Each structure stands twice: as structure tokens, then as C-alpha cells.
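Encoded as C-alpha cells, the structure appears first; notes follow it.
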Amino acid sequence: MNTKLITSIVAVIVIAASVTVVYAEFHKEKSQPSSITVRDDLGRNVTITLPVKRVVSMDPSDTQMMYAIGAGGLLVADTSFDWWPANSTALPHVAMDSGVASVEQVVNMTPDLVLATTIQTAQIIDQLQNITNISVLVFEPHNISNIYSDMLTLGNVTGHSSGANAEVNHMKSVIHGVQVKIANYSKESLLYMMWPSPIYTAGPNSFIDDEITAAGGLNIAENLSGPYPVISMEQVVQDNPQTVIVDNNTGVSDITYFTNGNQSHIWNNISAIKNGRLLIFNVTESNWVNEPGPLTIYAVQMIAQFLYPQAFE
């Protein structure tokens, strides 16, 4: 065989082998990091060992986000409050009716990652993170954009980025569709009642206020201090809301609470009560509104459809 030809073939083989090794090493290094550091909603930088294979959720919102991005199979325990999706209720529970988790129960599940909210005490989070050396991410979204960012963070740490991106895009599309439909209608003022006496409501910097805004509502408590303040009856009278929305947890079951109750002489002069513009959530609807996550789109749709039914005909 021609010497030059042999030399050329050998050179090609050497170059190809070198490229293959470099390519393989590059992708091995790129695809197999040993850890990832992300910032949670408390502003903490949390380092998580990868890959994450076992996750404990201490809040229904966290559970829902995990399933929505396609990472539900990583969950090994959740809470007694979990209800969606249906198969989440079959998992062992580490946070029971009190809402507070047992550190011992969590540790016994040998998780790589724990998902929590601020309902868990700082002491529990500190014990898990620093004493047992279990990584804890605390999610406490204050608006819909925070829900998106929390989902994307979960996607990054669980290896489900594509699922997280798909779910966030779906949520954005649904909410945008609602807002397009109601764009030409004047905003309707409303009172959101979380508790009847005194009246606790959703104020600024709460995700419920952001849901109301996304649905085209004008929250009369938007200028109060704190995310969940008490609103006085005097202000309700002054603002005279066109709609009253009542959470399922209030115990208020129908309009007679307003028309025949202790303060009926006041409520009967409120526009919403005079016109029968009262929306009382059932249990599922209340969960949609109160649990920030993938089901938030149903909360926005529901409120918008009640405020502007003609836009959805």
C-alpha cells in the first residue's frame, strides 16, 4: 500500500480518536455535576448533592409543583393535607394535621432534598439543614412570577428542567388567554374575605392579591399594610366593593350571613350584597386559591369568569 496513503489513514484515525475522547470528556463533565447551588425564597443559597433521587415535601404546593414538572416519582413522603394529584395521597406523611413536620420522620425517609414553606419553624429547617445535613429548599411565593421561578428551580435540581419549562409556559399561556378575554372590561372592585370577624383579607405582597389582579379584579385591600391584614368595616363601607369573595374556611355558607347577620344593617348597603354578587368557594376552589402552584391557573380562571362572565360566553 502507498506509504502516503497509510500515513494519511493513521493520521485520520488518531485525530478521530482524539476528538472522540475530548467530546466524551467534555460531555461527561458537563452532564454529571456533583452538586448544584440555588437560592430559595428565603434568600438562602442552598447546595444540593446530585443526583436527587428521594424528595420529602412538607407542603401541598410543593407536592403539586413536583408532579406538574414530571418529578413526582422522586417523592417519598408528603403531608396529610395533600390532595392533588390523587396518587399523592398514597405516600407516607411527615407533616400531619398540625402542619408541622417531625424531624425524626423526615430523617427516617432518608431524603436527598426536603421541600418546605415558612409554616415549618426555623428551628425545624435549621435542624434538617445543619444537624442532619439534609438540603432544605423553602418556597414561599408572593406572586405568580415567584411560582414560575420556584418551578424552574425545582426543575434544575431534580433533572426535570424541560418539564418545568413546559409547565411554566402552559401556565403563562392560560393566564394570558384569560387576560386577553377580559382586557376590554372595566375592573370590578372586590373584597376577599379570609375570615369574617374580624375581616381578614389578602393584601399587598400576597399571591392571592396577585391572583385577583391577574383575574382582572380590583382588590380594595391592595393599599393595606401586610399580605394578610384585617380590614375595617368602615373601609369596606367606604370602598363599597362590587363583589365579595369568601374563602371556604370562613364558615360562611350563603348570603344570609350578610343579609340576616349581626351587621346586616351595614352589609345590606354594600353594592355586592345588594346585587347578589357573592362568590363562596367550595373546598377545591379554596385550595386552588390558597396553594400557590400549578393549580393557580384554575383560581385565576374561576375569579375572572365570575367577575366577567360575558367575556367567556
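The values are calculated or read from the model by the stated rules, or taken from the named source; none is laboratory data. Given the structure is predicted, the values throughout are model-derived calculations rather than measurements. Neighbour counts run over all protein chains shown; Cβ positions are idealised from the backbone, glycine included.
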Review point. Do we find that PRO92 is in contact with a strand residue (DSSP E or B) (Cβ under 8 Å, 6 or more places away or on another chain), exposed (fewer than 14 other Cβ atoms within 10 Å of the Cβ), more than 23 Å from GLU211 (Cβ to Cβ) and not assigned by TED's automatic domain parsing to the domain that holds THR296 in this structure?
Key: yes
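For (1) crowded, with 21+ Cβ neighbours inside 10 Å; (2) over 14 Å from the mean Cα position of the chain (by Cα); (3) closer than 23 Å to LEU42 by Cα; (4) of a type in the set (Ser, Thr, Tyr), each residue gets a yes or a no:
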residue: ASP62; (1), (2), (3), (4): yes, no, yes, no
residue: MET65; (1), (2), (3), (4): yes, no, yes, no
residue: VAL76; (1), (2), (3), (4): no, yes, no, no
residue: SER80; (1), (2), (3), (4): no, yes, no, yes
residue: TRP83; (1), (2), (3), (4): no, yes, no, no
residue: ALA101; (1), (2), (3), (4): yes, yes, yes, no
residue: GLU104; (1), (2), (3), (4): no, yes, no, no
residue: ALA116; (1), (2), (3), (4): yes, no, yes, no
Review point. Being farther than 25 Å from GLY276 by Cα and among the hydroxyl-bearing types (Ser, Thr, Tyr), is that true of even one residue in region 194-203?
Key: no
Exercise for review: Pull up region 264-313, narrow it to residues that are closer than 20 Å to SER186 by Cβ and of a type in the set (S, T, N, Q), then point me to the one that is nearest to the chain's Cα centre (by Cα).
Suggested key: GLN301
Practice item. Residues that are within 21 Å of GLU291 (Cα to Cα) and free of Cβ contacts under 8 Å to residues at least 40 places away in the same chain: find the helices (runs of 4 or more DSSP H) completely inside region 152-253 holding 3 or more of those. Key: 161-182
Point to revise | Checking TRP83 against (1) in contact (Cβ under 8 Å) with a residue 40 or more places away in the chain; (2) outside any helix (DSSP H, G or I); (3) over 18 Å from LEU295 (Cα atoms); (4) hydrophobic (A, V, I, L, M, F, W, C), the condition it does not meet | key: (3)
Practice item. Among the candidates ALA215, ALA221, ALA166, single out the residue that is surrounded by 23 or more Cβ atoms within 10 Å (Cβ to Cβ), under 21 Å from the mean Cα position of the chain (by Cα) and either at pLDDT 95 or above or over 30 Å from GLY70 (Cβ atoms) (or both). Key: ALA215
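For every residue, the table says whether it meets (1) among the hydroxyl-bearing types (Ser, Thr, Tyr); (2) out of contact with any Phe, Trp or Tyr (no Cβ under 6 Å at 6 or more places or on another chain).
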residue: TYR148; (1), (2): yes, yes
residue: MET151; (1), (2): no, yes
residue: HIS176; (1), (2): no, yes
residue: LYS181; (1), (2): no, yes
residue: LYS187; (1), (2): no, yes
residue: ALA202; (1), (2): no, no
residue: GLU234; (1), (2): no, yes
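Taking GLY203 as the residue in question, decide whether it is surrounded by fewer than 21 Cβ atoms within 10 Å (Cβ to Cβ) and either within 20 Å of the chain's Cα centre (by Cα) or among the aliphatic types (A, V, I, L, M) (or both).
On the way: surrounded by fewer than 21 Cβ atoms within 10 Å (Cβ to Cβ): no; either within 20 Å of the chain's Cα centre (by Cα) or among the aliphatic types (A, V, I, L, M) (or both): yes.
No, not satisfied.
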Check your understanding: Hey, among LEU113, LEU128, which residue is more than 30 Å from ILE220 (Cα to Cα) and touching a residue at least 60 places away in the same chain (Cβ under 8 Å)?
Key -> LEU113
Check your understanding: Which one is surrounded by the most Cβ atoms within 10 Å (Cβ to Cβ) among residues in region 261-291 that are out of contact with any Leu (no Cβ under 9 Å at 6 or more places or on another chain), part of a loop (DSSP other than H, G, I, E, B) and modelled with pLDDT of 95 or more?
Key -> GLU291
